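Presented below is the structure to which this report refers.
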Amino acid sequence: MSFLTPLFFFGALAIAGPVIFHLIRRTTRERTVFSSLQFLEPSPPRLTRRSRIEHWLLLALRCLALGLLAFGFARPFLPKAAIIDPSDRQAKRVILLVDTSASLQRPGAWNATRERVQARARELANISELGLITFDRTTRSLLSFADWKGTPEGDRASVVRDRLNTTKPSWAGTQLAAALVTAAEALNEPTTGPEPQSRQIILISDLQEGSHLESLQAYEWPKGVEVVVEPIPVRPAGNAGLQLVTEEASATPSSNLVVRVRVSNTADASRDQFEVGWRRPDGNGFLGAPAKTYVPAGQSRTVALPLLEGVTMDRIGLTGDEAEFDNTVFVAPPEVTQARVLYIGADADGEARQPFFFLHHAFPEGGRPSVHWTARTPGTLTTEDVTGGLMIVTEAVPSPSATAIRDAVNAGGTLLLVLRSPAAATTLGEILGVPGLAVQEAATNGSYALLGEIDFRHPLFAPFLDSRFSDFTKVRFWKHRKFEANAIPGARVLARLDSGDPGLVEVALGRGRVLVLSAGWHPDDSQFALSTKFVPFLHALLEYSGAIPPVAVAQQFVGDVLALPTVGSDQERKLRLPDGTERTLSPRTTNFADANMPGLYRLLTASATFALAVNLDPTESRTRPSAGDELERLGVPLRATERPAAESKARREHVQAEEAESQQKLWRWFLGATMIILLLETAAAGWSARRNLQPTEATT
């Protein structure tokens, strides 16, 4: 016999009540008539059998009634044979898809994931086929269906545990879409046993909103494959992360070597005050005072950090966040090289408000980028001064000097020739090999000219391609020189004035190039030098000529194939990983495909050392759970988290017990027996009371 509500047996403790009452002996209520008590001393009655039970039958009947009543409320029933759930007999094929991406580096996340996987493995130990796949940026199979079938049922859970212990969270991003597709295709592979009646993916993940789901948009989900989502709760919620902002993504084109980072705070974050700064090489503390920043939940802020002098800077850190896995970005700043520029003009002495005055103030020596200026007048210029690189000419020069400049351009140099007067036509013709090229002063009629057409695809104007910076209407040209660009073979007009005259023309010459500017930038000719466009234009000119390297801070993400510099590629080289280990690279190796941790990868050659920064995928910082809703929108059939097998079995047994109890209704018999016992107790109590009265009446 079993009981549906056995807790009612605690009601049987009420049996102690009748026992206690039967042990209590009451003071006699009998009275005897006596003549006088005047000469008697009072004394209490002597009870010689204080704890003796006199009415055993009544006590037994009363205890039995309470016991039967407790049995009735406990709802007894006779159990039937257990009904086996048909689904337990089905051939199932299940894949445990386990997230091992960088967001699982948060405190407690991986332990919770392992416990969930091990619990699932114990519950599903009796199914026909189970596989274990982990994923981050790529997928890895830890347990195949064949391995599962070949393992005894009692050892399957321990095998899953041992296989899972061989892995841990990586530093890669979350390619959830690719993992789901891989698992779905594995479930549809042919099987050697009975055809599975159900196919199921159990996704165990933190479901952070930074998961990549793009490839699911073009994927047709296979029929019959269900996805059960088991989210891993991570406490505390909320996260702030760092992202390195490259120069191309910067909000403003700049010539200063500063490094920008973006601080992002998730919408469920509870903190909003942070500090950002250059960290020491050992990761402990900041180099100098950090920048304080306020980032409300769900927003981001960009912080600019200038390069420091005389210290090693290779990482930027953030403090104030509880989850530290994404609070460091690594930086490989570009080498600061000194550009050498030759200036030829009458104002080489630096006369105020003349072209060289503005050039020198835009890029002073010792600044960033560092530019070494060699200034010569046409009369003091020698052929030894013309060494190639970037040359800027604002005056007509003698023929020998023009020939030297032409040879330097042919060898790969860049010349910017500024037509400050029509007299420069002779020099221009000699350098370009176009004798008799006509240059004349353009008539402005007391007004000014504007740039009407600009080729923003050219590297000189590429920094202004964004619509926020492409407005040149405030740059007015008071004077300019007019010439026919069509008269110059191979000439390409990069910018044209609104009058139709060329503003900036490029002509390829040998391995180099000649740029012809029809007006000066000094205030006598235009407002160019006083505008916000001047310094970015000059910086682009330095880069375009090869005088300085691009200042964009390069970065790659964990899992990317690193493109190695080709310097020293004809000899054996070594690559030092962030953990200090070194890999020997064969000659001509130009790629490295095993960048599985963030940090600086240093290429060691006989002549130089090159650093490559590898950082965490910024999407891993978006830890707020929301990927489940997006999966449903993309057509993935989701099921609510299933009850564990043990819980489902217990629930089925409870339902069967309720049905058996409802059919048998044995409690009615116990209640009926209780009523009969109470009637017998009433009769026995009346008989006992009448028996106790008979001696008293006889005495009277």
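Structure notes:
- Qualifying positions in the range 308-356 - at pLDDT below 90, surrounded by fewer than 21 Cβ atoms within 10 Å (Cβ to Cβ) and of a type in the set (Val, Ile, Thr): VAL311, THR312, VAL336, THR337
- Filter result (among the hydrophobic types (A, V, I, L, M, F, W, C) and modelled with pLDDT of 85 or more) within the range 219-254: TRP221, VAL225, VAL227, VAL228, VAL229, ILE232, VAL234, ALA240, LEU242, LEU244, VAL245
- Condition met for LEU216 (in contact (Cβ under 8 Å) with a residue 12 or more places away in the chain, in the same structural domain as LEU176 (by the TED database) and more than 30 Å from ALA462 (Cα to Cα)): yes
- Residue selected from the range 638-673 under the condition of a type in the set (Lys, Arg) and under 15 Å from GLU230 (Cβ atoms), by the criterion modelled with the highest pLDDT: ARG639
- Residue list for the range 454-482, filter: part of a strand (DSSP E or B) and either closer than 23 Å to GLU543 by Cβ or at pLDDT below 90 (or both): ILE454
- Taken over the range 537-569, the criterion of being among the polar types (S, T, N, Q) and either under 26 Å from GLN243 (Cα atoms) or modelled with pLDDT of 70 or more (or both) is satisfied by SER545, GLN555, GLN556.
- Residues that are touching a residue at least 60 places away in the same chain (Cβ under 8 Å) and not in a strand (DSSP E or B) were ranked within the range 489-521; the one that is nearest to PRO459 (Cα to Cα) is ARG511.
- Checking each residue in the range 262-286 for being part of a loop (DSSP other than H, G, I, E, B) and closer than 18 Å to PHE330 by Cβ picks out ARG280, PRO281, ASP282, GLY283, ASN284, GLY285.
- Applying a threshold of 8 Å to beta carbon distances and a minimum spacing of six or more residues, or different chains, the list of pairs starting in the range 385-407 at a residue that is part of a loop (DSSP other than H, G, I, E, B) and ending at one that is among the acidic types (Asp, Glu) reads VAL386/ASP407; THR394/ASP347.
- Remark: ALA404 matches the filter, which requires a residue to be of a type outside the set (Phe, Trp, Tyr) and touching a helix residue (DSSP H, G or I) at 6+ places or on another chain (Cβ under 7 Å).
- Test: residue in the range 33-52 that is among the charged types (D, E, K, R), outside the structural domain of GLU322 (by the TED database) and either touching a His at 6+ places or on another chain (Cβ under 9 Å) or at pLDDT 75 or above (or both): no
- LEU604 vs. criteria modelled with pLDDT under 90 and farther than 30 Å from ALA487 by Cβ: yes
- In the range 490-507, the residues that are on the phi < 0 side of the Ramachandran plot and either out of contact with any Leu (no Cβ under 8 Å at 6 or more places or on another chain) or not assigned by the TED database to the domain that holds GLY436 (or both): ALA491, ARG492, SER499, ASP501, PRO502
- The range 59-81 - residue that is part of a loop (DSSP other than H, G, I, E, B) and out of contact with any strand residue (DSSP E or B) (no Cβ under 9 Å at 6 or more places or on another chain) and, of those, nearest to VAL19 (Cα to Cα): LYS80
- Residue check for GLY635: at pLDDT 80 or above, more than 23 Å from the chain's Cα centre (by Cα) and not in a helix (DSSP H, G or I): yes
- Residue match in the range 608-629 (condition: exposed (fewer than 12 other Cβ atoms within 10 Å of the Cβ), modelled with pLDDT under 85 and over 30 Å from GLU123 (Cβ atoms)): yes
- Evaluation of THR382 against (1) within 48 Å of the chain's Cα centre (by Cα); (2) at pLDDT 85 or above (one fails), failing number: (1)
- Picking from residues in the range 81-128 that are among the β-branched types (Val, Ile, Thr) and loosely packed, with under 14 Cβ neighbours inside 10 Å, the one that is modelled with the lowest pLDDT is ILE84.
- Residue check for ALA289: in a loop (DSSP other than H, G, I, E, B), within 15 Å of THR266 (Cα to Cα) and assigned by the TED database to the domain that holds ARG260: no
- When the range 426-453 is filtered for residues that are of a type in the set (Gly, Ala, Ser), within 22 Å of ARG406 (Cα to Cα) and assigned to a loop (DSSP other than H, G, I, E, B), the ones remaining, listed by number, are GLY433, GLY436, ALA438.
The values are calculated or read from the model by the stated rules, or taken from the named source; none is laboratory data. Keep in mind the model is a prediction, meaning the values are calculated, not measured. Cβ: placed from backbone, ideal geometry, glycine included. Neighbour counts: every protein chain shown.
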